[in-house]
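*Asks:* Got a structure here, written out as structure tokens. Questions coming.
The values are calculated or read from the model by the stated rules, or taken from the named source; none is laboratory data. Predicted model only: the values in this text are computed from it and were never measured. With ideal geometry, Cβ positions are generated from the backbone for all residues, glycine too; neighbour counts draw on all protein chains shown.
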Amino acid sequence: MEAAAYIGIGASKFDTMVEDGRMPKPKKIDSRRVWDKHALDRFFDLLPGGDDSDNNPWDE
């Protein structure tokens, strides 16, 4: 699934995140499910992390 790969996770994890609201629901084009890249970016930005506050120096 391209949307999952875009944010760097597997398809089943992505489906779970859509179900629990951490990722956006798809748009429907005929029978296809498609994700808006900009919506993915917005939802991804709302996820925790992304700064050094969760950096563990032992992981380096």
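*Asks:* Being at pLDDT below 95 and not in a loop (DSSP other than H, G, I, E, B) is the requirement here; does SER53 meet it?
*Replies:* In short, yes.
*Asks:* Determine whether ASP30 is loosely packed, with under 10 Cβ neighbours inside 10 Å and either at pLDDT below 95 or aliphatic (A, V, I, L, M) (or both).
*Replies:* So ASP30 fails the test.
*Asks:* Enumerate the helices (runs of 4 or more DSSP H) found wholly within segment 1-48, keeping only those where 2 or more residues are β-branched (Val, Ile, Thr) and over 10 Å from the mean Cα position of the chain (by Cα).
*Replies:* Helices (runs of 4 or more DSSP H) meeting the threshold: none at all.
*Asks:* Right, something else. Identify the single condition in (1) at pLDDT 95 or above; (2) surrounded by 11 or more Cβ atoms within 10 Å (Cβ to Cβ); (3) not hydroxyl-bearing (Ser, Thr, Tyr) that GLY8 does not satisfy, given that it satisfies every other one.
*Replies:* So the condition that GLY8 fails would be (2).
*Asks:* Assuming ARG22 fulfils every condition listed in (1) of a type outside the set (Phe, Trp, Tyr); (2) modelled with pLDDT of 95 or more; (3) exposed (fewer than 12 other Cβ atoms within 10 Å of the Cβ) apart from one, which condition is it?
*Replies:* (3)
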